[in-house]
Amino acid sequence: MSVIPDIVHIASRLPWWGALLTGVISYFLIAILLGGYIEGHIASQAGSKFYVIIEARYGRLVHVCNWVGIACFVVGLFFAIRNYFVFNRATSNEKGIVTFISKLIGRSID
């Protein structure tokens, strides 16, 4: 997934309030809006004879949307705290570490 590294890149360059806002907005767009849209699509197929297949297939997408949304929020929260206390730009090694750790934390929270 390239969404999380993109959010890391964006949030690392913003001031603390911008990084926090980026994390919150990305969580809202990915986990709530996209995940909710997919859940609505699943619910609209309730009377279909293929409902079980649709639910199994799209249910996984809802889970992935929640995971990515949580990971993006963790990235925004990390860079909000980091950019408040440290004024230097993040290095590429730090961005890679944050991407990896946010994916792990997002997985465990979800």
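The values are calculated or read from the model by the stated rules, or taken from the named source; none is laboratory data. All figures in this text were calculated on a predicted structure; none of them were measured in a lab. Only protein heavy atoms, including side chains, enter the accessible area calculation; ligands, DNA and RNA are left aside. Shrake-Rupley method; radii C 1.70, N 1.55, O 1.52, S 1.80 Å.
Worth a mention:
- Portion, in percent, of the accessible area of the chain that falls on carbon or sulfur, probe 1.4 Å: 68
- Prolate/oblate/rounded call for segment 1-43, Cα gyration tensor, a/c under 1.5 rounded: oblate
- The residues of the chain expose on average 63 square angstrom of accessible surface per residue, using a 1.4 Å probe on protein heavy atoms.
- Candidates Phe79, Phe50, Phe100: whichever shows maximal mean-square fluctuation once the chain is modelled as a Gaussian network with Cα springs under 10 Å: Phe50
- Considering only Arg57, Arg82, Arg13, the mean-square fluctuation computed in a Gaussian network model of the chain, springs between alpha carbons under 10 angstrom, is largest for Arg57.
- Choice from Ala31, Ala43, Ala80 showing the highest fluctuation, given a GNM over the chain with Cα pairs closer than 10 Å: Ala43
- Shape annotation for the chain: C-alpha extents along the principal axes are 57, 22, 20 Å, from largest to smallest.
- Dividing the mean sequence gap of close Cα pairs (under 8 Å, 6+ apart) by how many residues the chain holds gives a relative contact order of 42 percent.
- Per-residue extension of 0.36 nm, minus the Cα-Cα distance of Ile81 and Ser48, leaves a gain of 7.1 nm for this segment.
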